[in-house]
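Colleague: There's a structure below that I have some questions on.
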Amino acid sequence: MLNLRHITRAYELGGERAGVFDISLHVPSGTLAVLAGPSGSGKTTLLQVAGLLDTAEVGEVVLEGRVVSTLPERERCKVRLHRLGFVFQTFNLVPVLSALENVMLPLQLQGVAERPARSRAQGILERVGLGDRLQHRPGQLSGGQQQRTAIARALVSDPILVLADEPTANLDHAHGGPLMALMAELSRERGVSFLAASHDPTVISRADVVFRLNDGRLE
Amino acid sequence: MILPRLALRNVLRQKRRTLLTLLVLVAGYVALALAGGFMAQTFQGLADAAIRGGIGHVQILPVGSLESDEGQSLEHALPDGEAMAASLRKDPAVLEVLPRIAFMGLASNGTRSVAFLGTAVDAEREPRFMAISDRLADGAKAPGGVGSRWLSTDPAAREVVLGIGLAKSLGVAVGGSLTLMSTTPDGALNAVDVAVAGLQDLGLKELNDRSLCVSLDTASALMNAGPARSRLSVLLRHPEAAAQEGPRLARLAGSGVEAHPWFELASFYRQVKLLYFAIFGFMGLVLALVVLLATANTLLMSVMERLRELGTLRAVGMPPKSLLALLQWEGAMLGLAGSALGLVITLLLRFALNALHLQMPAPPGTSHGYELNIHFVPMVYLGAFLGLQAVIQVSAFFPGLKAARIRITEALRHV
Ligand SMILES: Nc1ncnc2c1ncn2[C@@H]1O[C@H](COP(=O)(O)OP(=O)(O)OP(=O)(O)O)[C@@H](O)[C@H]1O
Ligand SMILES: [Mg+2]
């Protein structure tokens, strides 16, 4: 499903080389994969390359058997919109839109009409337990609720892969666990793969597969 | 319709900054609309003065009379101007045709002679359409002007209306008599005794000192003119068609004539128009620059503040051109709000200014001031809106480009 082949993305800063080097990995469909590793090991860098937000100097990203890393930005936009979902450490919801509108956003960008977009968004928000928070703005939601909204936004367009960069890092322990449980459930339920970067043991313990990064290399 | 919704919410996000930008936009709109209204009033006033001052909507002249000095001589006239006028009056587009004779001569009170510039008009038709007798009231206030009235319409009457300066230098008052002397087409000298029917103040010293007005019958008798006329002033049912109707009327009138729409002959009108366009055009340019900078600054700030949000939108799959469009929408919303608010304020200001009945100083070359009356010209209001909107859309382009060109990874790292 997702194949990374010999990915190298290097940052040269003051003579020091950082980033990720010669990474190859495979995430099968319907799995919850975790990218583990200490701070600065290159988790974010690798996720951004895998999510087509950044371009590797060497190697290719293969999604469903198709090389997508060499596509022009216009096509990469479409791949992100239709095949990928994103969850960020800092939630990154649009502050001026309600929870429902935030979740409707990817559908509307796809050109789905208002009405079906609304009902699909509402359905998935109910699934993540926010059926009673549809009209709340992000600022009126707790961190856990915001991150569940972000997961709903990532999943609403039925992607095949959701990239989550430290999804629990801004949540306390009481919220991190349940969020991971939810991601594991959704991944099984919908056949979606998750690739989550984290150094949180509760996250790692939920994983079907764990990739360990150290100094930009897979262990 | 996600972009307009996002744009509206974003504009409403920073209320204070939006309000400040709106203030600039409103000021811009009000300035444009009021200046436009004032210009429209001035142009209309000058156009009216030119048309009703004698030119009419279209002038029919003998070919070449604008280039030569012969305009003041009947040798170079329309040989049967009266018949021409009669046939033009039958045209459905024509409201009225006013034949005129322009002539020169000497006016004498028996002891003293003064050169004059005369206009002979149809005593009956002319005052119905032209401003020719409007200034009799002002003349009545001048020494000797009491009892001023317009020329008698009796063909046998031999009367004159004098400029106040001319009356003064001849030492005559209303009811007095004069002898007018001029030449016939074959060069003979002729004279006619006339009674002074009225004095008028034409608002310009040069005119007051030289001009007089008589009926066509009186002029014919003086110059042995018969039906010859210097020119025809044509009034149209639809004045805005003057440019198109001119050539057609010239053909209709016969050979040896040319037709000119009023604006070709109203040189003062054209000069003032050019001047105003230069002055207000420069003002508009400065205004456009201020609006451009104010909006561009506001929008750029709002882009810089939400880099992470814009990066997220791009990550989720929004293409760069949609971000460009988003900023265009945000500019459009600002502009719409600014123009709407500006329109309300302009209408209120117009109402207030007009209610003050401000006296404006006399324009150059005239001796009468006028009351400020800013016209309601829908086209000006629409023009101010469109002009402002165009400037804003341009100013939204640079912030839009900035938003469209962000690097997603950098934008996401932004706090
Ligand atoms: N834009 C950049 N310019 C220069 N160096 C960078 C840049 N982005 C990342 N790096 C470097 O690349 C390395 C990997 O960074 P990355 O953000 O991928 O680590 P991470 O595993 O996500 O760390 P954390 O757990 O703290 O988020 C780090 O040494 C970092 O300093
Ligand atoms: Mg990271």
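Colleague: How big is the C-alpha Rg of chain A next to the rule-of-thumb value 2.2 N^0.38 Å, as a ratio?
Modeller: So the Cα radius of gyration is 0.99 times the expected 2.2 N^0.38 Å.
Colleague: Which angle between 0 and 90 degrees, to the nearest 10, do you get for helix A:99-110 versus the longest principal axis of chain A when only C-alpha atoms count?
Modeller: Its long axis makes an angle of about 60 degrees.
Colleague: By the gyration tensor of its Cα atoms, with a ≥ b ≥ c the square roots of the eigenvalues, what is the shape of segment A:1-122: rounded for a/c under 1.5, prolate for a/b over b/c, or oblate?
Modeller: Details: a/c = 2.14, a/b = 1.72, b/c = 1.24.
Because a/c hits 1.5 or more and a/b exceeds b/c, segment A:1-122 counts as prolate.
Colleague: Further question: Across peptide A:89-97, what mean number of C-beta atoms from other chains lies inside 10 Å of a residue's C-beta?
Modeller: Mean inter-chain Cβ contacts per residue within 10 Å come to 5.
Colleague: So what is the diffusion coefficient of segment B:209-359 in µm² per second by Stokes-Einstein at 10 °C and 1.306 mPa s, using a Kirkwood Rh over Cα pairs?
Modeller: 69
Colleague: Nearest 10 degrees, 0 to 90: what angle lies between the long axis of helix A:114-127 and the longest principal axis of chain A (Cα atoms)?
Modeller: 80
Colleague: As a test, work out the antiparallel percent of DSSP beta bridges whose residues both lie in chain A, rounded to the nearest 5. Show your work: numbers first, answer last.
Modeller: Details: 18 of 35 bridges.
If we restrict to bridges inside chain A, about 50 percent are antiparallel.
Colleague: While we're here: With the crude spin-label approximation of a point 7 Å out along Cα→Cβ, what separation in nm comes out for B:ALA40 versus B:HIS357?
Modeller: 2.4
Colleague: Let me ask something additional. Kindly state, to the nearest 0.05, the FRET efficiency for B:ALA390 paired with B:LYS90, given R0 = 45 Å and r defined as their beta-carbon distance.
Modeller: 0.40
Colleague: Given the alpha-carbon gyration tensor of segment B:297-415, what are the semi-axes of its equivalent ellipsoid in whole angstrom, ordered largest first, with each equal to the square root of 5 times an eigenvalue? Numbers along the way, then the final one.
Modeller: Values: eigenvalues 438, 31, 27 Å².
Each semi-axis is √(5λ); the values are 47, 12, 12 Å.
Colleague: Quick check of the Kirkwood formula: for the protein assembly as shown, what is the inverse mean of 1/r over all pairs of different Cα atoms, in Å?
Modeller: Over the protein assembly as shown, the inverse of the mean reciprocal pair distance is 31.5 Å.
Colleague: Would you mind checking which residues have amide H under 5 Å from B:GLU258's amide H? H placed 1.01 Å from N; only 5 or more apart, or other chain.
Modeller: Sorted by chain and number, the residues that satisfy this are B:LEU61, B:VAL63.
Colleague: Follow-up. Membrane-span-like helices in chain B: DSSP H runs reaching 24 Å or more (Cα, own axis), mean Kyte hydropathy at least 0.0?
Modeller: Answer set is B:15-50, B:267-305, B:320-355, B:378-404.
Colleague: For segment B:64-255, what number results from the quotient of the Cα radius of gyration and 2.2 N^0.38 Å?
Modeller: Against the compact-globule rule of thumb, the ratio is 1.04.
Colleague: Could you tell me the relative contact order of segment B:262-415? Use alpha-carbon pairs under 8 Å, at least six residues apart, and round to a whole percent.
Modeller: About 43 percent, as a whole number.
Colleague: Whole angstrom only: what separates the Cα centroid of segment B:254-320 from the Cα centroid of segment B:213-231?
Modeller: Segment B:254-320 and segment B:213-231 have Cα centres spaced 53 Å from each other.
Colleague: Shape call for segment B:192-286 from the C-alpha gyration tensor, a ≥ b ≥ c root eigenvalues: rounded (a/c under 1.5), prolate (a/b greater than b/c) or oblate? Could the numbers behind the result be given before it?
Modeller: On the way: a/c = 3.41, a/b = 1.40, b/c = 2.43.
Oblate, because a/c is 1.5 or more while a/b does not exceed b/c.
Colleague: Per residue of segment B:166-174, in order, report the coupling 6.51 cos²θ - 1.76 cosθ + 1.60 (Karplus, θ = phi - 60°) as ³J(HN,Hα) in whole Hz, putting x for Gly and Pro.
Modeller: Values per residue, Gly and Pro as x: 5, 4, 5, 6, 8, x, 10, 10, 4 Hz.
Colleague: Considering only lysines 8 or more places apart in sequence, or on different chains, count the pairs in chain B whose C-alpha atoms sit under 16 Å apart.
Modeller: Step by step, the pairs that qualify in chain B add up to 4.
Colleague: Distance from the Cα centre of segment A:132-207 to that of segment B:105-181, in angstrom?
Modeller: With segment A:132-207 and segment B:105-181 each reduced to a Cα centre, they are spaced 98 Å.
Colleague: If you don't mind, there's one more thing I want to ask. What FRET efficiency comes out for the pair A:ASP22/A:SER142, r = Cβ-Cβ distance, R0 = 41 Å, nearest 0.05? Mind showing how you got there, number by number?
Modeller: Details: r = 41 Å, r/R0 = 1.00.
Approximately 0.50, to the nearest 0.05.
Colleague: Right, another one. Taking chain A as the reference, fit the longest principal axis to its C-alpha atoms, fit the long axis of helix A:143-155 to the helix C-alpha atoms, and give the angle between the two in degrees, 0 to 90, nearest 10.
Modeller: 80
Here, each number is a calculation from the coordinates, and none is a lab measurement. Note that the structure is a prediction, hence the values are computed from the model and not measured. When we count neighbours, we look across all protein chains shown, and the Cβ atoms used for this are built from the backbone with ideal geometry, even at glycine.
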